[in-house]
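The values are calculated or read from the model by the stated rules, or taken from the named source; none is laboratory data. Everything numeric here is computed off the predicted structure, so don't read it as measured data. In this analysis, Cβ positions are derived from the backbone assuming ideal geometry, glycine residues included, and neighbour counts consider all displayed protein chains. Areas reflect the complete protein model, heavy atoms only, side chains present, ligands, DNA and RNA absent. Shrake-Rupley method; radii C 1.70, N 1.55, O 1.52, S 1.80 Å.
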Amino acid sequence: MLDSTNHKTLIIVAIIGAIGAILAAVISKPEPTPSPIPIPKPIPSPIIPEPKPLPIKIKVICDDSYECGSIVGLPRELDGRSEATAKENTEQACISKGFILEKYTTLSHSISCGKNYGLVQWINGQFVHRELSICSSGTVRVVNTITCKI
(Lines give C-alpha, C1' and ligand atoms only; values in the text may rest on other atoms or scores of the structure.)
Protein backbone atom coordinates (compact mmCIF):
# COMPACT_ATOMS: atom_id res chain seq x y z
CA MET A 1 0.00 0.00 0.00
CA LEU A 2 1.03 3.50 -0.64
CA ASP A 3 1.38 5.81 2.18
CA SER A 4 0.61 9.47 1.84
CA THR A 5 4.25 10.41 1.23
CA ASN A 6 4.57 7.99 -1.64
CA HIS A 7 1.24 9.16 -2.95
CA LYS A 8 2.38 12.79 -2.87
CA THR A 9 5.60 11.80 -4.59
CA LEU A 10 3.70 10.04 -7.34
CA ILE A 11 1.47 13.08 -7.86
CA ILE A 12 4.51 15.37 -8.02
CA VAL A 13 6.21 13.01 -10.50
CA ALA A 14 3.02 12.90 -12.56
CA ILE A 15 2.74 16.69 -12.55
CA ILE A 16 6.41 17.07 -13.49
CA GLY A 17 5.93 14.48 -16.22
CA ALA A 18 2.89 16.34 -17.57
CA ILE A 19 4.78 19.65 -17.51
CA GLY A 20 7.69 17.98 -19.31
CA ALA A 21 5.36 16.55 -21.94
CA ILE A 22 3.77 19.96 -22.48
CA LEU A 23 7.18 21.64 -22.73
CA ALA A 24 8.41 18.97 -25.13
CA ALA A 25 5.36 19.46 -27.30
CA VAL A 26 5.79 23.24 -27.36
CA ILE A 27 9.53 23.06 -27.99
CA SER A 28 9.30 20.39 -30.71
CA LYS A 29 6.28 21.97 -32.43
CA PRO A 30 7.42 23.01 -35.91
CA GLU A 31 7.13 26.65 -36.87
CA PRO A 32 4.15 27.27 -39.08
CA THR A 33 5.07 27.27 -42.77
CA PRO A 34 4.64 30.72 -44.13
CA SER A 35 2.11 30.91 -46.88
CA PRO A 36 3.75 31.40 -50.27
CA ILE A 37 3.87 34.93 -51.64
CA PRO A 38 1.17 35.12 -54.24
CA ILE A 39 2.51 35.80 -57.73
CA PRO A 40 0.32 38.38 -59.37
CA LYS A 41 -1.22 37.44 -62.65
CA PRO A 42 0.15 39.43 -65.56
CA ILE A 43 -2.04 42.31 -66.54
CA PRO A 44 -2.85 42.06 -70.20
CA SER A 45 -1.57 44.97 -72.23
CA PRO A 46 -4.25 47.12 -73.74
CA ILE A 47 -4.54 46.65 -77.45
CA ILE A 48 -3.27 49.82 -79.01
CA PRO A 49 -4.27 50.18 -82.61
CA GLU A 50 -1.64 51.11 -85.14
CA PRO A 51 -1.68 54.84 -85.69
CA LYS A 52 -3.35 55.83 -88.90
CA PRO A 53 -1.10 57.79 -91.19
CA LEU A 54 -1.97 61.42 -91.25
CA PRO A 55 -3.49 62.52 -94.50
CA ILE A 56 -0.96 64.18 -96.69
CA LYS A 57 -1.87 67.78 -97.12
CA ILE A 58 -0.80 69.38 -100.32
CA LYS A 59 -0.62 72.94 -101.45
CA VAL A 60 -0.36 74.26 -104.95
CA ILE A 61 2.19 77.01 -104.59
CA CYS A 62 1.90 78.17 -108.20
CA ASP A 63 -0.36 77.37 -111.11
CA ASP A 64 0.96 79.79 -113.68
CA SER A 65 4.42 79.82 -115.21
CA TYR A 66 5.14 83.45 -114.28
CA GLU A 67 3.83 82.90 -110.77
CA CYS A 68 6.24 79.97 -110.30
CA GLY A 69 9.20 82.32 -110.70
CA SER A 70 7.61 85.00 -108.56
CA ILE A 71 7.13 82.68 -105.56
CA VAL A 72 10.90 82.49 -105.19
CA GLY A 73 11.22 86.26 -105.45
CA LEU A 74 12.13 86.66 -109.12
CA PRO A 75 9.48 87.80 -111.62
CA ARG A 76 10.47 85.32 -114.33
CA GLU A 77 9.63 81.76 -115.26
CA LEU A 78 11.36 78.80 -113.61
CA ASP A 79 13.62 76.93 -116.00
CA GLY A 80 12.17 73.56 -116.99
CA ARG A 81 14.23 72.87 -120.09
CA SER A 82 15.43 69.51 -118.75
CA GLU A 83 13.85 67.08 -116.33
CA ALA A 84 16.78 67.41 -113.90
CA THR A 85 16.64 71.23 -113.97
CA ALA A 86 12.86 71.31 -113.55
CA LYS A 87 13.03 68.86 -110.63
CA GLU A 88 15.78 70.75 -108.83
CA ASN A 89 14.06 74.11 -109.33
CA THR A 90 10.68 72.83 -108.08
CA GLU A 91 12.17 70.95 -105.10
CA GLN A 92 14.01 74.08 -104.00
CA ALA A 93 10.90 76.23 -104.51
CA CYS A 94 8.97 73.95 -102.11
CA ILE A 95 11.84 73.89 -99.61
CA SER A 96 12.01 77.69 -99.69
CA LYS A 97 8.40 77.69 -98.43
CA GLY A 98 9.08 75.01 -95.79
CA PHE A 99 7.43 72.22 -97.79
CA ILE A 100 8.43 69.07 -99.71
CA LEU A 101 7.84 68.63 -103.42
CA GLU A 102 4.83 66.50 -104.33
CA LYS A 103 4.68 67.06 -108.10
CA TYR A 104 5.18 69.62 -110.80
CA THR A 105 4.35 70.12 -114.45
CA THR A 106 6.09 71.88 -117.29
CA LEU A 107 4.90 73.33 -120.56
CA SER A 108 6.53 74.61 -123.69
CA HIS A 109 5.64 77.93 -125.23
CA SER A 110 6.97 79.94 -128.12
CA ILE A 111 9.37 82.76 -127.51
CA SER A 112 10.17 85.75 -129.66
CA CYS A 113 13.18 87.67 -128.51
CA GLY A 114 16.31 89.31 -129.84
CA LYS A 115 19.22 87.56 -128.18
CA ASN A 116 18.54 86.36 -124.61
CA TYR A 117 15.55 85.03 -122.68
CA GLY A 118 15.34 85.34 -118.90
CA LEU A 119 14.70 82.26 -116.73
CA VAL A 120 15.05 81.56 -113.02
CA GLN A 121 17.35 78.71 -111.99
CA TRP A 122 18.61 77.21 -108.72
CA ILE A 123 22.37 77.74 -108.84
CA ASN A 124 24.87 77.32 -106.01
CA GLY A 125 22.27 77.37 -103.22
CA GLN A 126 20.06 80.22 -104.45
CA PHE A 127 17.60 81.19 -107.15
CA VAL A 128 19.17 83.34 -109.84
CA HIS A 129 17.71 85.20 -112.82
CA ARG A 130 19.77 84.33 -115.88
CA GLU A 131 19.58 85.69 -119.38
CA LEU A 132 20.09 82.72 -121.68
CA SER A 133 20.85 82.83 -125.40
CA ILE A 134 17.99 80.53 -126.42
CA CYS A 135 15.92 82.91 -128.57
CA SER A 136 16.87 81.15 -131.78
CA SER A 137 15.18 77.94 -130.56
CA GLY A 138 11.74 79.58 -130.86
CA THR A 139 10.36 77.70 -127.82
CA VAL A 140 11.18 77.22 -124.17
CA ARG A 141 10.04 74.66 -121.57
CA VAL A 142 9.19 76.18 -118.19
CA VAL A 143 7.68 75.01 -114.89
CA ASN A 144 4.01 75.93 -114.82
CA THR A 145 2.67 74.23 -111.65
CA ILE A 146 4.24 73.19 -108.37
CA THR A 147 2.42 71.18 -105.70
CA CYS A 148 4.09 70.67 -102.35
CA LYS A 149 3.40 68.43 -99.34
CA ILE A 150 2.73 70.51 -96.28
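Some observations on this one:
- Single residue of the range 76-102 satisfying the filter (under 28 Å from the mean Cα position of the chain (by Cα) and among the β-branched types (Val, Ile, Thr)) that is nearest to Lys57 (Cα to Cα): Ile100
- Within the range 71-96, the residues that satisfy the criterion of being out of contact with any strand residue (DSSP E or B) (no Cβ under 6 Å at 6 or more places or on another chain) and among the charged types (D, E, K, R) are Glu83, Lys87.
- Test: residue in the range 104-127 that is closer than 15 Å to Cys68 by Cα, outside any strand (DSSP E or B) and not hydrophobic (A, V, I, L, M, F, W, C): no
- Each residue in the range 128-138 was checked for being surrounded by 15 or more Cβ atoms within 10 Å (Cβ to Cβ) and assigned to a loop (DSSP other than H, G, I, E, B), and 1 of them qualify.
- Within the range 73-103, restricting attention to residues that are in a loop (DSSP other than H, G, I, E, B) and of a type in the set (A, V, I, L, M, F, W, C), the residue that is modelled with the highest pLDDT is Phe99.
- Where Val72 falls short, out of the listed (1) in contact (Cβ under 8 Å) with a residue 60 or more places away in the chain; (2) open to solvent by less than 70 Å² (accessible area, probe 1.4 Å): (1)
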